[in-house]
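Here's the structure we're looking at; comments come further down.
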Amino acid sequence: MGDDMRNHERSERLYAQALEVIPGGVDSPVRAYGAVGGSPLFIARGHGSHIVDTDGNDYIDYVCSWGPLILGHAHHRVVGALRDLVMNGTSFGAPSPLEVQLARLVVDAVPSVELVRFVSSGTEACMTALRLARASTGRDGIIKFAGGYHGHTDALLVQAGSGSATLGVPSSAGVPAAFAGHTLVADYNDLGSVEALLQANPDGVAAVIVEPVAANMGVVPPAPGFLEGLRDLTTRYGALLIFDEVISGFRIAPGGAQERYGVTPDLTCLGKIIGGGLPVGAVGGRRGVMELIAPLGPVYQAGTLSGNPLAMAAGVETLEEVLRPGALDKLETLSSHLEEGLVWAIGEAGTQARVHRVGSVLTLFFTDGEVTNFESASRSDRERFGRFFHGMLERGVYLPPSQFEAWFVSLAHTQEEIEATVDAAREVLTDLG
Ligand SMILES: *Cc1c(COP(=O)(O)O)cnc(C)c1O
């Protein structure tokens, strides 16, 4: 690479300044490139499928802000709506019309959602879903899956130690053992591990929370029957089923994974796409459960910026575009071309790797073994991923800086960009040997 190395001087200078005033120089840890080495790029602007860093380097972007930007950066509809609104005030702390419009779009599209409450992040959505489930069942226990991510609320920052599906151990410092003790960890795609926990706690589990398409251990699709099995088990044991569709909502299908796989949860967590790149989350579900929330019921939940007009506007514009006939089909076609191209590149280079894709989220795992859960995903060669990441960056392709984060394809990506990405991947994989 040597001579044609891109210049990252300004990013490096900004990172040094950031380290003086922000812990680790970043406001969210994966951004720090800890998993791939090197120092993070500071991004100056984005248009469509491209971002440009502060040194003027241009990249095809497959992070897309970790999913919200399904229309690409600075989409004209989103920008136009925000520009019109911002002149008339940015927050009122009182109801405003766009909340009703976005809520109507969500209720009409997502099968399980009869009522929806907007919050400011996916984390808050999942936190509120747990509180609702506990209030609804009068139970404290929660089952989550190893490698499932539901934001950074205490009770959900728990993973099983290797191979264990016993009482949770906190995986973040600062989480009281007493909180973590209510969180039980099962293995994704393993109904037996869920049933064992339910049997051991027959009247103790309030809810099972799951990413119906796991996308935070890399992309791992649900095995046939897995989601149906979760629906049956939770019903049998009187627990609620919570789908965390913060990534899959409005992406896997207009109604999310629950539409695509035909399994209806009791509660659904949304975020990312429904805010079109502004801070939003939402929790929705059956009327009977949602009516427990204040002011109708005893479950307290509130937010100074909840239902923020700018965020609602970006969400409305984004959902209307996504829901246009043919939009998600176009995204499926583009994404399938990327998948096929990467599989071809892996074959050309003779690399031991596999590609997982569901709709427009995708992961290239550096392993030749099957990946069905967190344990098998963890067998991927992370050091090789780090070198692949930097090779792609050098060729103008910006990937998520972790083996365990999904690539996001947007409606702004073009067939030519997909082909350029595949060519770059073939070169980099061949160089890696
Ligand atoms: C991103 C994410 C969250 C958390 O959302 P934030 O807006 O970052 O708080 C929750 N669940 C899933 C599945 C996510 O991907």
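When the residues of segment 278-302 are narrowed to those that are in contact with a Phe, Trp or Tyr (Cβ under 9 Å, 6 or more places away or on another chain) and aliphatic (A, V, I, L, M), which ends up nearest to the ligand (Cβ to nearest atom)?
First, the residues of segment 278-302 that are in contact with a Phe, Trp or Tyr (Cβ under 9 Å, 6 or more places away or on another chain): 280-283, 293-294.
Now restrict to residues that are aliphatic (A, V, I, L, M): 280, 282-283, 293-294.
Values: 280: 8, 282: 11, 283: 11, 293: 19, 294: 21 Å.
The residue in question is 280.
From 145, 118, which residue is within 16 Å of the ligand (Cβ to nearest atom) and within 16 Å of residue 289 (Cα to Cα)? Steps first, please.
Working: 145 fails: within 16 Å of residue 289 (Cα to Cα).
None of the other options fit; the residue is 118.
Could you tell me how many of the residues in segment 255-272 are touching a Pro at 6+ places or on another chain (Cβ under 6 Å) and within 16 Å of the ligand (Cβ to nearest atom)?
The qualifying residues number 3.
Please go through segment 47-64 and pick out each residue that is closer than 19 Å to residue 5 by Cβ and surrounded by fewer than 18 Cβ atoms within 10 Å (Cβ to Cβ). Working first, answer last.
Of all residues in segment 47-64, those closer than 19 Å to residue 5 by Cβ come to 51-60.
Correct list: 52, 54, 55, 56, 58.
I need the full set of residues from segment 353-379 which are buried (at least 23 other Cβ atoms within 10 Å of the Cβ), among the polar types (S, T, N, Q) and closer than 21 Å to residue 432 by Cβ, in order please.
Hit for segment 353-379 is 363, nothing else.
To keep it simple, each residue is scored yes or no on (1) surrounded by fewer than 22 Cβ atoms within 10 Å (Cβ to Cβ); (2) under 12 Å from residue 270 (Cβ atoms); (3) among the hydroxyl-bearing types (Ser, Thr, Tyr); (4) modelled with pLDDT under 95.
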{"position": "109", "(1), (2), (3), (4)": "yes, yes, no, no"}
{"position": "115", "(1), (2), (3), (4)": "yes, no, no, no"}
{"position": "118", "(1), (2), (3), (4)": "no, yes, no, no"}
{"position": "124", "(1), (2), (3), (4)": "no, yes, no, no"}
{"position": "130", "(1), (2), (3), (4)": "no, no, no, no"}
{"position": "143", "(1), (2), (3), (4)": "no, no, no, no"}
{"position": "146", "(1), (2), (3), (4)": "no, no, no, yes"}
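Among the residues of segment 204-216, is there at least one that is in a helix (DSSP H, G or I) and within 16 Å of the ligand (Cβ to nearest atom)? Steps first, please.
Keep residues of segment 204-216 that are in a helix (DSSP H, G or I), which gives none.
No, segment 204-216 has no match at all.
For residues in segment 114-159 being in a helix (DSSP H, G or I), under 15 Å from residue 211 (Cα atoms) and touching a residue at least 40 places away in the same chain (Cβ under 8 Å), which is farthest from the chain's Cα centre (by Cα)?
130
Against the definition (crowded, with 20+ Cβ neighbours inside 10 Å, near the ligand (Cβ under 10 Å from one of its atoms) and not β-branched (Val, Ile, Thr)), how does residue 275 come out, yes or no? Outline the logic, then answer.
Details: crowded, with 20+ Cβ neighbours inside 10 Å: yes; near the ligand (Cβ under 10 Å from one of its atoms): yes; not β-branched (Val, Ile, Thr): yes.
Criteria met by residue 275.
If you scan segment 285-295, which residues turn out to be loosely packed, with under 11 Cβ neighbours inside 10 Å and closer than 29 Å to residue 263 by Cβ?
287
Would you say residue 252 is surrounded by 24 or more Cβ atoms within 10 Å (Cβ to Cβ), within 10 Å of the ligand (Cβ to nearest atom) and hydrophobic (A, V, I, L, M, F, W, C)?
Numbers: surrounded by 24 or more Cβ atoms within 10 Å (Cβ to Cβ): yes; within 10 Å of the ligand (Cβ to nearest atom): no; hydrophobic (A, V, I, L, M, F, W, C): yes.
So residue 252 fails the test.
If I filter segment 22-44 for residues that are under 29 Å from residue 418 (Cβ atoms), of a type in the set (Phe, Trp, Tyr), in a loop (DSSP other than H, G, I, E, B) and within 16 Å of the ligand (Cβ to nearest atom), do I get at least one hit?
So far as segment 22-44 goes, no, none of its residues is under 29 Å from residue 418 (Cβ atoms), of a type in the set (Phe, Trp, Tyr), in a loop (DSSP other than H, G, I, E, B) and within 16 Å of the ligand (Cβ to nearest atom).
Taking segment 191-228 on its own, how many of its residues are touching a residue at least 60 places away in the same chain (Cβ under 8 Å) and crowded, with 24+ Cβ neighbours inside 10 Å? So that I can check it myself, show each step before the final result.
Initially, segment 191-228 is screened for residues touching a residue at least 60 places away in the same chain (Cβ under 8 Å), giving 201, 203-211, 213-221, 223.
The next check asks that each one be crowded, with 24+ Cβ neighbours inside 10 Å; those that pass are 205-211, 213-215, 217-220.
Going through segment 191-228 one residue at a time, the tally reaches 14.
Where the second residue is among the β-branched types (Val, Ile, Thr) and buried (at least 18 other Cβ atoms within 10 Å of the Cβ) and the first is in contact (Cβ under 8 Å) with a residue 12 or more places away in the chain and in a loop (DSSP other than H, G, I, E, B) and lies in segment 347-368, which pairs have Cβ atoms under 6 Å and are six or more apart or on separate chains?
Taking only residues 6 or more apart or on different chains, the pairs are 353/346; 359/252; 360/409.
Is there any pair with a first residue in segment 229-241 that is assigned to a loop (DSSP other than H, G, I, E, B) and a second that is surrounded by 24 or more Cβ atoms within 10 Å (Cβ to Cβ) whose Cβ atoms are under 7 Å apart and which are 6 or more apart or on different chains, and what are they?
237/205; 239/205; 239/206; 239/207; 239/208
Give the residue that is farthest from residue 371 (Cα to Cα), with candidates limited to residues of segment 304-358 that are touching a Pro at 6+ places or on another chain (Cβ under 9 Å) and of a type in the set (Val, Ile, Thr).
The residue in question is 318.
Being crowded, with 20+ Cβ neighbours inside 10 Å, in a helix (DSSP H, G or I) and either without any contact (Cβ under 8 Å) to a residue 12 or more places away in the chain or of a type outside the set (Phe, Trp, Tyr) (or both) is the requirement here; does residue 257 meet it? It would help to see each step written out before you state the result.
Values: crowded, with 20+ Cβ neighbours inside 10 Å: yes; in a helix (DSSP H, G or I): yes; either without any contact (Cβ under 8 Å) to a residue 12 or more places away in the chain or of a type outside the set (Phe, Trp, Tyr) (or both): yes.
Judged against the criteria, residue 257 is a match.
The values are calculated or read from the model by the stated rules, or taken from the named source; none is laboratory data. Fair warning: this is a prediction, and the values are worked out from it, not measured in the lab. Here Cβ is always computed from backbone atoms with ideal geometry, including for glycine, and neighbour counts include all displayed protein chains.
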